[in-house]
Amino acid sequence: MRYLLIGIIAGAVLGLTPVWQAEQAIELYPEWHGPIAAPESIERSPNTALSARAVGPVISEDTLSLLAADGRLISRRAFGETLFAPSGSGGYYAAYQKLGTSVEFFAADGSPFWKTDSREYPHLSHNGKLVLLVNSDQSRARALDFHGNQAGEPVSGRFLTVIAFSKGTDIAALGFLDGSYHVIDSTGRRLLKARTGGGTLIKSIAVSPSGTYVALHYGNERGDYIALIDTADGSARASALSRVHVARTALTVQDDGTAAVLDYNRILIVNRKARPSAVIKIPTARTGMASLDRDGGVYVAGYTRSEGGAQALAFLPDGTMIFARNFPMESYLQASIETSVMLLRGSQTLYCYSLHHR
């Protein structure tokens, strides 16, 4: 019994200490965790500084939940047979049917904004200012603005492989199987239209918050590459990845052209000339759902490990690791970070951490 009590006390003490502390004195604290299927059961964090912030929308089967950064459930809406696509902030959503004839746009509280006749599938930008409607054969996407009006000209190509929206803003990047890619702003204005060539296809894409840079992961059976493109003049630089990826991988890019890509057993950070600035060795990733995000000077990553379970990481641009944890009970892990709050979305559970600069 004495040893049991010692273990309990030691565990309690460890739970109150930082998960990790880096040389630059960045501390990371666990705030709360709870089941995705029942977010109302999450025990709120006592950190009152988090109560006014929100984390991204949480989807569980036919339910869309919005939570504050302290774990409080803000709203929860069940859609039944209706399909839905939320904006990145969770402030808006589009509702539609798999074989339906219309798309409807709502505020998070269910207030209707507009409805349009369409058999296409909607994708919403972070603030809902841009809605991309994609046709069923994935050959064309057209943009609507916040009011449901046509925005710019449709983009087309041979099979749409990936859509990405900028973090915090409303710029879209689209890549196709034929190697063509497009970047459009919140008004539908075309910022960039280009093609990789050489028989390569677009596998992953990311666009910086202001649309200054777009990052591409592209390739074919002979090799894969990461490219940084300046959208102002279309200039591009590329570097080879370590091996061929059979599907998309995690990718993120900043307004200074710095980008990071998940490359199996490493995370590669490159500058705007696509030259490596840091290489971070990591447990090998399995092809599938993965994420990379950055807030200020901290990157976070989440992915499925090749040996099972899911991996979460937090690190600095120079490669310094400040957090690394395996989640053996999760089949995948999506990681995001905003205003020093890191949210991990697993297959079963949500995990929230806060970062503190000392």
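Of the trypsin sites (Lys or Arg not before Pro) found in segment 25-84, the ones in coil according to DSSP and having at most 15 other Cβ atoms within 10 Å of their Cβ are Arg53. Per-atom-type breakdown for segment 163-288 gives carbon and sulfur 47% of the accessible area (1.4 Å probe, protein chains only). Report in % the part of the accessible area of segment 290-334 that belongs to carbon and sulfur, leaving out ligands and nucleic acids; probe 1.4 Å. It is 48 percent, rounded to a whole number.
Net charge of the neighbourhood of His245, taken over other residues with C-beta under 13 Å away and scored Lys/Arg +1, Asp/Glu -1, is +3. Counted by Cβ distance under 15 Å from Gly179, the other residues give a net charge of +3, where Lys and Arg count +1 and Asp and Glu count -1. Annotation for segment 197-297: trypsin sites (Lys or Arg not before Pro) lying in DSSP loop with at most 10 further Cβ atoms inside 10 Å of their Cβ are Arg222. Over segment 288-346, accessible surface divided per residue gives 33 Å², non-protein components excluded, 1.4 Å probe. Excluding Asn47 itself, what net charge comes from residues whose Cβ is under 14 Å from its Cβ, given Lys and Arg +1 and Asp and Glu -1? Its environment carries a net charge of -1.
Can you send over the carbon and sulfur percentage of the accessible area for segment 59-161, probe radius 1.4 Å, protein chains only? On segment 59-161, the fraction of accessible area on carbon and sulfur atoms equals 47 percent. The loop-placed chymotrypsin sites (Phe, Trp or Tyr not before Pro) in segment 197-245, going by DSSP, include none that has at most 12 neighbouring Cβ atoms within 10 Å of its Cβ. With N as its number of residues, segment 242-331 has a Cα radius of gyration that, divided by 2.2 N^0.38 Å, comes to 1.02.
Ordered from highest to lowest accessible area with the whole protein assembly present and a 1.4 Å probe, Glu31, Glu81, Glu307 read as Glu81, Glu307, Glu31. Working note: 222 nm ellipticity from helices only, DSSP H runs with n ≥ 4, each -39,500 (n - 2.57), summed and divided by the residues of the chain, gives -1500 deg cm²/dmol to the nearest 500. Here the chain is described by how far its Cα atoms reach on the three principal axes: 71, 48, 34 Å, from widest to narrowest.
Averaged per residue, segment 115-211 has 41 square angstrom of accessible surface, using a 1.4 angstrom probe with ligands and nucleic acids left out.
The values are calculated or read from the model by the stated rules, or taken from the named source; none is laboratory data. Only a predicted model underlies this, so the values are computations on that prediction, with no experimental measurement involved. Using ideal geometry, Cβ is built from the backbone for each residue, glycine included, and neighbour counts are taken over all protein chains shown. Each accessible area value is taken on the protein alone, full model and side chains, heavy atoms only, with ligands, DNA and RNA left out. Shrake-Rupley method; radii C 1.70, N 1.55, O 1.52, S 1.80 Å.
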